[in-house]
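Participant: I have a structure I would like to understand better, so I am pasting it below and will then ask my questions one at a time.
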Amino acid sequence: MSGHNKWSSIKHKKGAADAKRGAIFSRVSKEIIQAAREGGGDPALNARLRTAIAAAKAANMPNDNIDRAIKKGTGALGGAAIEEFTYEGIAAGGISVIVNCMSDNKNRCAADIRSFFTRHNCKMASSGAVSYKFKRKSRFVIEGDWADEDKLMELFLENDADVDDIQVDDGSAEIIAPPDAFAKIVAIFEGKGITPTESSIAMIPDTMTEVTELNVAKSVQKFIDVLEEYDDCQAVYTDMELSDAVAEQLAAEDEE
């Protein structure tokens, strides 16, 4: 997730189309491993693991790969332990950036992330320096027939689910909810046969920083792209919001 506006949806679709299968498998495998390590290997009792498995199947990951990742997480298979790390910093235009990583080599990962910040004229910050601007939230993206605000709102009301916000744009619905509502919403979607395009506990900014200059938007997006292409990076969060004019210019260039 590289923002919280229409442009993030555009980039998500482009990234999904362009991403290499190996990179997708790597990210999903790490999420399965971490979910199984924290909550156990039984998907019925572990909402995070269920959603990670659903994402793996959506990416056409073979069942053997999924089973192996679960066993790694539970300790049934050997191998180096995978840990989660978070890095913070400031990009062009004063945009706050949070980078979530999973790696079996913390020193290598930290050095690589620091190098990315330096090469793109961004500044790394100490823990908490920008994360105070964000809140942990459950985040889901739905596409297709269920990407309808009224239908989703009725579904959540019927099931007494706590939801903060629903935004629908261009055939895609983004649902933001409290972090402790994650498991319940997963269960609601499962009951209706709805498979989210994205589902995670994400870092959502309290307020957005609007970017009105095209060169700043390009600089930040280039930096985000580099981070998201890095094997150990699981997610990138920012408080960037593009002005309508800049979003239209970027979308037009992307279509060329």
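Please treat every number below as a calculation from the coordinates, not as lab data. Every value quoted in this text rests on a predicted model; they were computed, and no experiment measured them. Neighbour counts run over all protein chains shown; Cβ positions are idealised from the backbone, glycine included.
Participant: What do you get for Rg/Rh over segment 91-175 if you use C-alpha atoms and the Kirkwood form of Rh? Please list the in-between numbers first.
Facilitator: Values: Rg = 18.4 Å, Rh = 16.2 Å.
For segment 91-175, the value is 1.14.
Participant: How big is segment 175-256 in terms of Cα radius of gyration and Dmax, in angstroms?
Facilitator: Both quantities, over Cα of segment 175-256: 16.2, 45 Å.
Participant: Return a whole-number percent for the relative contact order of segment 134-205, with Cα pairs under 8 Å and 6 or more residues apart as the contact set.
Facilitator: Numbers: 117 pairs, mean separation 36.3, N = 72.
That works out to 50 percent.
Participant: Taking the Cα centre of each part, how many Å lie between segment 79-138 and segment 144-202?
Facilitator: So the two Cα centres are separated by 28 Å.
Participant: May I ask for the Rg/Rh ratio of the chain, computed from Cα atoms with Rh as the Kirkwood radius, given to two decimals? Provide the component values of the computation, followed by the final result.
Facilitator: Details: Rg = 18.2 Å, Rh = 19.1 Å.
Rg divided by Rh gives 0.95.
Participant: Follow-up question, since we're still on this one. With respect to the cross-link table entries Lys106/Lys222; Lys72/Lys151; Lys151/Lys218; Lys72/Lys184; Lys57/Lys184, which display a Cα-Cα separation exceeding 31 Å?
Facilitator: On the way: Lys106/Lys222 24 Å; Lys72/Lys151 39 Å; Lys151/Lys218 36 Å; Lys72/Lys184 26 Å; Lys57/Lys184 21 Å.
The answer is Lys72/Lys151; Lys151/Lys218.
Participant: Same structure again: With no solvent and one point per C-alpha, what does the Debye sum give as log10 I(q)/I(0) for segment 134-205 at q = 0.16 Å⁻¹?
Facilitator: -0.47
Participant: Using a 7 Å offset from the Cα along the Cα-to-Cβ direction at both Glu190 and Leu157, what is the distance between the two label points in nm, to one decimal?
Facilitator: So the label points at Glu190 and Leu157 sit 2.7 nm apart.
Participant: Starting from the Cα of Asp165, move 7 Å in the Cα-to-Cβ direction to define the label point; list residues of segment 213-256 whose amide nitrogen is under 17 Å from there.
Facilitator: Within reach of a label on Asp165, which here means backbone N under 17 Å from a point 7 Å along Cα→Cβ, segment 213-256 contributes 237-244.
Participant: What is the extension gain from Asp42 to Asn105, computed as 0.36 nm multiplied by their sequence separation minus the C-alpha to C-alpha distance, in nm to one decimal?
Facilitator: Here the answer is 20.0 nm.
Participant: Could you tell me the relative contact order of the chain? Use alpha-carbon pairs under 8 Å, at least six residues apart, and round to a whole percent. Can you show the working numbers first?
Facilitator: Details: 401 pairs, mean separation 60.6, N = 256.
Averaging sequence separation for qualifying contacts and normalising by length gives 24 percent for the chain.
Participant: Determine the relative contact order of segment 70-172: mean sequence separation of Cα pairs under 8 Å and six or more apart, normalised by residue count, in whole percent. Let's see the in-between values first.
Facilitator: Values: 94 pairs, mean separation 22.5, N = 103.
22 percent.
Participant: State to the nearest 20 debye the size of the charge dipole of the chain about its Cα centre, where the only charges are +1 on K and R beta carbons and -1 on D and E beta carbons.
Facilitator: Values: 30 positive and 44 negative charges, 291 e Å.
I would put it at about 1400 debye.
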